[in-house]
Each structure stands twice: as structure tokens, then as C-alpha cells.
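Student: Sending over a structure as C-alpha cells; questions will come in a sec.
The values are calculated or read from the model by the stated rules, or taken from the named source; none is laboratory data. Note that this is a predicted model, so its numbers are computed, not measured. Every residue, glycine among them, receives a Cβ derived from its backbone with ideal geometry; neighbour counts consider all protein chains shown. Accessible surface areas use protein heavy atoms only, side chains included; no ligands, DNA or RNA. Shrake-Rupley method; radii C 1.70, N 1.55, O 1.52, S 1.80 Å.
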Amino acid sequence: MATKEKGSIGTAGSDIGITAKKENNFSEWYTQVISKSELIDYSSVSGSYIIKPAAFNIWESIQQYLNLRIKKLGVSNAYFPMLIPESLLKKEAKHIAGFSPEVAWVTEAGNSKLNERLAIRPTSETIMYEAYSRWIRSYKDLPLKLNQFNNVVRWEFNNPIPFLRSREFLWQEGHTAFATKEEADKEVIDILNIYAEVYEKLLAIPVFKGKKTESEKFAGADYTTSIETFLPNGKGIQCATSHSLGQNFSKSFNINFLDKDEKTKYVWQNSWGLSTRSIGITIMQHSDNKGAIIPPRVAKNKLVIIPIYFEEKEKNKVLSACKKLFIQLEEFNPILDDREGYTPGWKFNNWELKGIPLRIEIGPKDIKSSQAILARRDTQEKQAVKLSQLKKKIPELLENIQSNLYKKAAKIIKDNTVEASSLNQLVKAIKDKKLIKAGWCGKESCESIIKDKAEGAKILNIPFKKHKISDCPACNKKALHPVLIAKSY
């Protein structure tokens, strides 16, 4: 078997197609898609997964985009240790209280007990801010803007879901310090907007930007902003967060500076993160009963070339034409599937399962007509294109696929969004698996009532884009905030 490509061809595990239906058994469908399309594999540790190259390619595309955008804001990349002394983790009381159930501890090395427990980082605020307290002395040292691409471990949870909820995951976490609150507040929104770009421009997923409620904010933060989306199975999901930490950590870790007025002040801090959860959200939103659908802008291999011949005398001529195309279309990182022993139909299904955006088919009749057949993964539509026009047509089709995926996702969200002005309406909408626009009086007691009565549904965020509101559905009193409510991951 000779296969020319720049990715991986696959294994026998992907030979069997998707047997569960997205519309009938979403959970089983998702499990099959990510496994059979070779995005993920299972490890021997429950809740920990192997991210395979096809999925890691998506993550690399996200990393590259984020790197370009955050560096324009003056952010530099760094790396900090993953082991955090317990004494450091406890320095900010609200922070450790929020994470204590999820922390995994190292208590011995070899045959020796450690003098102090070491936490495997659930997040890096504490280990980084100890260093910040040494590095920041003057206003000249500010702003300090660092990011790291790393792994974190959060141990205590039920019902692991690959990419969405696992004991170890990859993310980026930015940690910044400023002289003034105004600078810090501006960055919170700047970063949130970049995260929205990642989802909307790269992953073709509409998101809702907004502020988390007090009960849902990050442990130790002044306030948390988030982007949220709504999935075809009737659940909302948090996509990324940008937090204002205020001066909570700077006071706990004594991060202060001598300002221009020669007064000593505490810095204002932010932290922000986006994780490999984004891969799972992408697959859930776009994929279908044939397998994965990868948005072109994050697909490493934009297209696959499949030769079609049924007689030996046609073989050399068809393969030669395909190899020529493989070289000519190098900018799209194509795959040439010239494996023998597999029918063209089997190859079609195989690459549809893996979500390659475009397929090029070439047979003897196509060669005679100086054309190729282009098949879209998203709509299954086919069209004949002259070989001389391929380099022009392929980018147009890829952008059209990207745009179509976004429009389709936006329509799903719009068609499943309803308004609720009473608790009965809210409960019914949750049972119908809807995203709900409602009003909220701002009381945590009413937020709890919503969770208790509406099958665990919660306020996703208080969206910046306001919608019309009526009274709070929990208490029937005047609503102060527009909110988005749904069952969520």
C-alpha cells in the first residue's frame, strides 16, 4: 500500500461507520464519531484520554491563531512548573475553596514521604503569582502579560466526556498584571473578543458573550466573562472564560509596585483560558451521521484525492493524473489515497468519517474531459470542475463550506431559542431542550430556584447583547438582567 499524504491514513478501527444517530442517541453518536474518526483514544486511567494527531491538528490551528492575536496585545509565552506547594495553593482562600475537590496531590517520591504536599496544577494562578511578587517592583515593570500553553489536572468529577470533561486537559492560560483597574478591565473584554473570534471565525460556531453570575464566576475573581454556545442536543456549554481577578491575588501574594506618584500600590490582575474542550464542541456542533465534519480553517488536510479505475489498463493513467494534482494542490495539504484493495466507495466513506472538507475524484472519463469531480463533506454536493480551474475553485468552495457550517449552526441555535416569562414556561422549554431568553432579578435564591425546578438548568451568562425581558420567572418581580438559561455540560 502506497499512500502519499501529510497526515495519517487511519487504522482498521475506522472501517466500521457510525451506527448511532445524532438525533436519537447523541451521547453514543458522539462517542462513536470521536473514536472512529480517530480523534481520540482511551488510556488506562479513567477520565484521561489520548488526543490523536487528527484532533491535535485542530488544537495547533487554534494555538497558532491565539498566538498571533495575543502577541499583538503584548503577551509573551512562558512556562511554569506543574507542581504547586500546598502552602502556595492555600494563599488565596476563595481560590482553593473553589478547587479543593478537584486537586490531585503528590505526597511521596520514591520511598520517601514529602515534607509538604504538592498539588498537580488545577490552574496556575498561585505558582505564577509567587514569581510575579518577585518580578514586579515598579510601575516600569508593568504591565506584565504572560501566557502558557500547558496541561492541567482536575480530578474529582462524575461522568467524564472526552474533550468536554476529563481529568487532564490542554489549554492556554493567560495571566496579566496592570497598574490600573481600567487597563485590566479593558483586557478582559479584548481577550473575550479574541476567544469569540476563535469560535466564530475558525470553528464556525456562534457564541454569546456575557458575564457570569456571582455563583458561577471563577473562584477568587472579582467577575468572570464567558462565551457560551448551544449544541444540537439541547445543551448549553461554556466555551472560554476571561476573568477579572481585581486585587484579590495581589494582596494575598503581596504583588505591589512603586507607582509614578511614589506610592506603593497593589497590581490589578486578570486570568483567561481556552481549552481542548473546543475540539469536542466543534465535533458536536457540525458532525453528522456519516462521521466528523472539520471546518476547513482548522483542517490540516483540506482535501483528499481519490483515483477511480476499474480496469488495470486505466490504472497508470489515472494514478499519474492524481499524482500530478497532488503536487499542484500542495498548498491545500492534500491526501492522495492510492491504496490498493479498497474500492472507491469504501474510500469515500472512510474520508467522510474523518471529516476531510473536500474530496476530488478522478477517473478515465474525467481525464478525457480535463476535469475532476469535487464533493463537499458538509452537503455531499458534487460538481465537475475543469482541471485548469481547480486552484481557483477550491478556495471558493472551502470558504463556502466554512460559511455554510456557521450558518447552519446559527440556524439551529435560532430555531431552538425561546422566551420564558414564567417558571412554567421555563420548565417546559427545558424539557423541550431549548435555549431560553429570560429576565432575572439578580438574587441567588432565584437562580437556585431555576436550577431546582428546571431539571438542573442554569444561567449560562448575562449576555452583553441585550434582549427584551419580562419579570423574573422565579419570583415574578422586576428583572434587572437579561439571561440565557439552558441545561449545560
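Student: What are the residue pairs meeting all of these: first residue in the range 387-400, first residue hydroxyl-bearing (Ser, Thr, Tyr), second residue open to solvent by less than 70 Å² (accessible area, probe 1.4 Å), Cβ atoms under 9 Å, and 6 or more apart or on different chains?
Tutor: Within 9 Å, the pairs are 388/370.
Student: Do you know which residues across the range 420-447 are in contact with a helix residue (DSSP H, G or I) (Cβ under 8 Å, 6 or more places away or on another chain) and either closer than 21 Å to residue 232 by Cα or outside any strand (DSSP E or B) (or both)?
Tutor: 420, 423, 426, 427, 435, 436, 438, 444, 447, listed by residue number.
Student: So which residues in the range 333-349 are open to solvent by 30 Å² or more (accessible area, probe 1.4 Å) and closer than 25 Å to residue 396 by Cα, if there are any at all?
Tutor: Of everything in the range 333-349, those that are open to solvent by 30 Å² or more (accessible area, probe 1.4 Å) and closer than 25 Å to residue 396 by Cα turn out to be 348, 349.
Student: Is it fair to say residue 20 is over 18 Å from the mean Cα position of the chain (by Cα) and modelled with pLDDT under 95?
Tutor: No; evaluated as a whole, the condition is false for this residue.
Student: Here are some residues: 165, 154. Which one is in contact with an Asp or Glu (Cβ under 8 Å, 6 or more places away or on another chain), more than 16 Å from residue 268 (Cα to Cα) and either of a type in the set (Lys, Arg) or open to solvent by less than 30 Å² (accessible area, probe 1.4 Å) (or both)?
Tutor: That would be 154, the only listed residue that is in contact with an Asp or Glu (Cβ under 8 Å, 6 or more places away or on another chain), more than 16 Å from residue 268 (Cα to Cα) and either of a type in the set (Lys, Arg) or open to solvent by less than 30 Å² (accessible area, probe 1.4 Å) (or both).
Student: Would you mention how many residues in the range 372-414 are closer than 16 Å to residue 295 by Cβ, over 21 Å from the mean Cα position of the chain (by Cα) and of a type in the set (Ser, Thr, Tyr)?
Tutor: 1
Student: From the residues in the range 448-477 that are of a type in the set (A, V, I, L, M, F, W, C) and part of a helix (DSSP H, G or I), which one is farthest from residue 226 (Cα to Cα)?
Tutor: 449
Student: Kindly evaluate residue 235 against the criterion of being in contact with a strand residue (DSSP E or B) (Cβ under 6 Å, 6 or more places away or on another chain) and open to solvent by 10 Å² or more (accessible area, probe 1.4 Å).
Tutor: Considered against the rule, which asks whether it is in contact with a strand residue (DSSP E or B) (Cβ under 6 Å, 6 or more places away or on another chain) and open to solvent by 10 Å² or more (accessible area, probe 1.4 Å), residue 235 comes out as yes.
Student: To continue, here is another question. If the requirement is being modelled with pLDDT of 95 or more and open to solvent by 40 Å² or more (accessible area, probe 1.4 Å), which of these qualifies: 314, 352, 330?
Tutor: The conditions single out 330.
Student: Now, a different point. If a residue must be open to solvent by 30 Å² or more (accessible area, probe 1.4 Å) and on the phi < 0 side of the Ramachandran plot, how many such residues does the range 109-137 contain?
Tutor: Qualifying residue count for the region: 14.
Student: What's the number of the only condition in (1) over 30 Å from residue 357 (Cα atoms); (2) among the β-branched types (Val, Ile, Thr); (3) open to solvent by 10 Å² or more (accessible area, probe 1.4 Å) that residue 225 fails to meet?
Tutor: Going through (1) over 30 Å from residue 357 (Cα atoms); (2) among the β-branched types (Val, Ile, Thr); (3) open to solvent by 10 Å² or more (accessible area, probe 1.4 Å) one by one, residue 225 breaks only (3).
Student: Exactly one of (1) assigned to a loop (DSSP other than H, G, I, E, B); (2) under 21 Å from residue 411 (Cα atoms); (3) of a type in the set (A, V, I, L, M) is unmet by residue 485. Its number?
Tutor: For residue 485, the failing item is (1).
Student: In the range 449-466, which residues are in contact (Cβ under 8 Å) with a residue 40 or more places away in the chain and open to solvent by less than 70 Å² (accessible area, probe 1.4 Å)?
Tutor: 458, 459, 460, 461, 462, 463
Student: Please find, within the range 355-371, the residue that is farthest from residue 293 (Cα to Cα) out of those that are among the charged types (D, E, K, R) and surrounded by fewer than 18 Cβ atoms within 10 Å (Cβ to Cβ).
Tutor: Applying the filter and picking the extreme gives 368.
Student: A follow-up question, please. Looking only at residues in the range 401-439 that are β-branched (Val, Ile, Thr) and touching a residue at least 60 places away in the same chain (Cβ under 8 Å), which one is nearest to residue 296 (Cα to Cα)?
Tutor: Looking at the filtered set, the residue picked out is 401.
Student: Which residue, of 374, 325, 405, 387, is under 27 Å from residue 16 (Cα atoms) and in contact with a strand residue (DSSP E or B) (Cβ under 7 Å, 6 or more places away or on another chain)?
Tutor: 374
Student: Across the range 360-372, what is the total count of residues that are in a strand (DSSP E or B) and either within 25 Å of residue 407 (Cα to Cα) or out of contact with any helix residue (DSSP H, G or I) (no Cβ under 8 Å at 6 or more places or on another chain) (or both)?
Tutor: Residues that pass the stated criteria total 1.
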